[in-house]
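The values are calculated or read from the model by the stated rules, or taken from the named source; none is laboratory data. Here the structure is a predicted model, which is why all the values come from computation and not from measurement. Cβ placement follows ideal geometry from the backbone for every residue including glycine, while neighbour counts extend to all protein chains displayed. Calculation scope for accessible area: heavy atoms of the full protein, side chains included, ligands and nucleic acids excluded. Shrake-Rupley method; radii C 1.70, N 1.55, O 1.52, S 1.80 Å.
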Amino acid sequence: MDFDREELVKMAQEAKEKSYSPYSGFRVGAALVCEDGSIYTGCNIENAAYSPCVCAERVAVFKAVSVGNKKIKAIAIASDKDGYISPCGVCRQVLSEFADSQNFTVLMSRSDTDYIEKKLFELLPYTFSKDDIK
Ligand code: THU
C-alpha cells in the first residue's frame, strides 16, 4: 500500500503542535505510516531530568508497536527550523528494528510541502540488527 507523502508531512507538522519541549524550545513532530496503512503521530516529550527526553520519532514508533503494529513503512518529520529536520542516531536505530531499511522511507521536511526523501539504509548504513546477535 502506498501513502500520500504530502499528507504525512502535514500530519507531522500538526503533531509538532503537541510538542512538550520547555527545555530546548525545539518542537518536533512525526507521522509514521505502517504497512497496513495505519498512521501514528508523535511529538518530542522532554523532562526536567533531561535524560528521559524522548524524540518525536520514537514516540510514534512506540505508539505503533504498543498496539501490536510492528510493520512500519515510512515516517515524516517536522520541526520549526529553517532547514530539513533529520532523525537522530538513536531514532534511526529504533526505526531499523521494525523497518525493512532498504524500503523504509524517511521524509525530512522543512515546511508542509518541502521535504527530502531518503531510504533508511542511506541514513543508517552497516546497521546493527537482530541478525548480528544470532
Ligand atoms: N528531537 C526529536 O524529537 N527528533 C529529532 O529528530 C531530533 C531531536 C528532539 C529531542 C529534544 O526534545 C529536542 O528535539 C532537542 O534536541
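Excluding ligands, DNA and RNA, the accessible surface per residue across the chain is 54 Å² with a 1.4 Å probe. Ranked from largest to smallest solvent-accessible area, with a 1.4 Å probe on the protein heavy atoms, 106, 65 come out as 65, 106. The share of accessible area on the chain that comes from carbon and sulfur is 53 percent, using a 1.4 angstrom probe. With the convex hull drawn over the C-alpha atoms of region 1-114, the volume per residue is 95 Å³. Its relative contact order, with pairs defined as Cα atoms under 8 Å and 6+ residues apart, puts the chain at 22 percent.
Under the criterion of Cα pairs below 8 Å and six or more residues apart, the relative contact order for region 24-100 equals 33 percent. Our helix-only sum for the chain, with -39,500 (n - 2.57) per DSSP H run of n ≥ 4 divided by its residues, gives a mean residue ellipticity at 222 nm of -8000 deg cm²/dmol. Ranking 96, 107, 51 by Cα position along the charge dipole of the chain, where only Lys, Arg, Asp and Glu carry charges on their C-beta atoms, puts 51 farthest toward the positive end. Dipole orientation for the chain: of the candidates 133, 22, 72, 133 has the Cα lying most toward the positive pole (charges on Cβ; Lys, Arg +1; Asp, Glu -1).
Using the structure shown, list the pairs from 10/130; 63/119; 18/130 with a Cα-Cα distance above 31 Å, or answer none. 10/130; 18/130, as the Cα separations exceed 31 Å there. Just to confirm a number: summing +1 for Lys and Arg and -1 for Asp and Glu over residues other than residue 30 whose beta-carbon lies under 12 angstrom from that of residue 30, what do you get? Its environment carries a net charge of +3.
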